[in-house]
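Input: a single structure, listed below in structure tokens.
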Amino acid sequence: MNWKPAILILVMGLICCAVVPSHVAAQEQNLAPTPPMGWNSWNHFAEKINARTVRAQADAMVASGMKDAGFLYINIDDTWEGKRDDKGFVHPNWKFRDMKALTEYVHSKGLKIGLYSSPGPKTCAGFEGSLGHEEQDAQTYADWGFDYLKYDWCQDTGTPEQMKAAYTKMHEALKKTGRPIVLSLCQYGWGNVWEWGASVGGNLWRTTGDIEDNYDSMARIGFGQAGLEKYAGPGHWNDPDMLEVGNGGMNEDEYRTHLSLWSILAAPLIAGNDLSTMTPYTQEMLTNREVIAVDQDPAGKQGFPVVQEGPFEVWEKPMADGSVVVGLFNRSKEAGKMTAYFSHLGISGEVIVRDLWLKKDLGSFQEKYSVNVPAHGVVLVRLKAK
């Protein structure tokens, strides 16, 4: 989310970061060996989120099969914050009276739970930020039992060096608590964050502005990730923002494109819908293990475009088992026939093709695979040499 208050924020005089030593990087890689999967409150609930709703989402994540499919985090976004006491410790507001009880409830479901703050004095929605209270807040989050922190740069001002310093300070504060806490950098891709996000302790970093629940926004953000693939890998991921699947602004083919593209990108899969009211189609989409396996492949390689011809784009993602996942994306408003030529993918000979949405082997093919792709749709296949 991104509410920018119309006030000037004082520049933070913090020391700049150093490159993370290799042994520290190896330890932190264990926090997010594959792209984080979970749910976040903002896209659907925004400021209306409360503890009761968070519990309901945790219940639904388990009951829907999403937990079994790999979804893990239940993340509370902005507007949970209350005031600080006379010692400077932050307390939740009336919507979240007992954070410790809430984290224990979510943990009892076999899930993990995340929270939100900002490096500035105020969050994007105007609540208490963490500036000047980084160690206090990190310890508070750890004492409450949180496992994930989304740290949102809400001010319009600031240089990359100031951002690096601010994120390094919170990263060090989280480490000091001794509790493993995933750090999600949210600063909208400013200053080419993908080039330095890992060095300041980020496990994932937003590469774009906020997504909206429509095809144009989703496509602009998703297809715009081309060229960032070298910055992603185990422990550190490019984040093109949360999923809008199930929120109602796109049709089924467009949502299938959304999830297919994010999976090829090895992007974090953070659902943003109301899990307690999902349609059967949305539930089936979010629990398709063959598609999720593309995102969660242990090799951690972000996919990339191989062919772009007008509205037709063919994307490739190399997999750990030697197979290749290919997305045939039709960005046109009309259905069209698309072809993936195996020579473009570095594959020769006889190739077995499996459709991941249909969960069906399509047979063996030589040289190419052709298929009709719906408007704004995708066909997602896994290719393996016979």
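Throughout, read-outs are computed from the coordinates displayed, never taken from laboratory work. The structure presented is a predicted model; accordingly, all values stated were derived computationally and were not measured. Cβ atoms come from the backbone with ideal geometry, glycine included; neighbour counts cover every protein chain shown.
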Return one number: the angle in degrees, 0 to 90 and rounded to the nearest 10, between the long axis of the Cα atoms of helix 51-63 and the longest principal axis of the Cα atoms of the chain.
30
Bin all alpha-carbon pair distances of the stretch 304-385 at 10 Å intervals from 0 and give each bin's fraction as a whole percent.
19, 56, 23, 1
Per the helix-only model, the chain has a calculated mean residue ellipticity at 222 nm (DSSP H runs of ≥4, -39500 (n - 2.57) each, divided over all residues, rounded to the nearest 500) of -7500 deg cm²/dmol
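Which order do Lys368, Lys230 fall in if you start with the one that has the fewest other Cβ atoms within 10 Å?
On the way: Lys368 13, Lys230 10.
Exposure proxy ranking, most exposed first: Lys230, Lys368.
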Could you list Thr257, Thr279 so that the one with the fewest beta carbons within 10 Å of its beta carbon is first and the one with the most is last?
Thr279, Thr257
Using the Cα centre as the reference, give the magnitude of the dipole from point charges on the C-beta atoms of the stretch 22-295 (Lys, Arg: +1; Asp, Glu: -1; all else neutral), rounded to the nearest 20 debye.
760
Filtered hits (lysines, Cα-Cα < 18 Å from Lys230, offset >= 8 within chain) -> Lys301, Lys317
Toy charge model, Lys and Arg Cβ at +1, Asp and Glu Cβ at -1: the stretch 93-157 dipole around Cα centroid in debye, rounded to 20, equals 340
Compare the Cα positions of Ile264, Ser364, Gln308 along the charge dipole of the stretch 246-386 (+1 at Cβ of Lys, Arg; -1 at Cβ of Asp, Glu; about the Cα centre) and return the one farthest towards the positive end.
Ser364
Top of Pro36, Pro160, Pro234 by mean-square fluctuation, Gaussian network on the chain, Cα under 10 Å
Pro160
Could you give me the ³J(HN,Hα) list for the stretch 302-313, computed from phi with Karplus coefficients 6.51, -1.76, 1.60 and θ = phi - 60°, whole Hz, x at Gly and Pro?
7, x, 7, x, 9, 9, 10, 10, x, x, 9, 10
Going by how many other beta carbons lie within 10 Å of each one, how would you line up Thr207, Thr287, fewest first?
Thr287, Thr207
Using a simple charge model, +1 on the beta-carbon of Lys and Arg, -1 on the beta-carbon of Asp and Glu, nothing else, what dipole does the stretch 179-229 show about its Cα centre, in debye to the nearest 20?
260
Where the convex hull is taken over the Cα atoms of the chain, what is its projected area averaged over directions, in nm²?
18.6
Using Cα-only point scatterers and the Debye equation, what is log10 of I(q)/I(0) for the stretch 46-113 at each q in 0.26 Å⁻¹, rounded to two decimals?
-1.14
On Cα atoms only, tilt of 134-144 relative to the major axis of the chain in degrees
70
Mind pulling the angle between the C-alpha long axis of helix 160-177 and the longest principal axis of the chain? Nearest 10 degrees, somewhere in 0 to 90.
80
Based on the alpha-carbon gyration tensor of the stretch 225-269, what equivalent-ellipsoid semi-axes (square roots of 5 times the eigenvalues) come out, in whole Å, largest first?
23, 10, 8
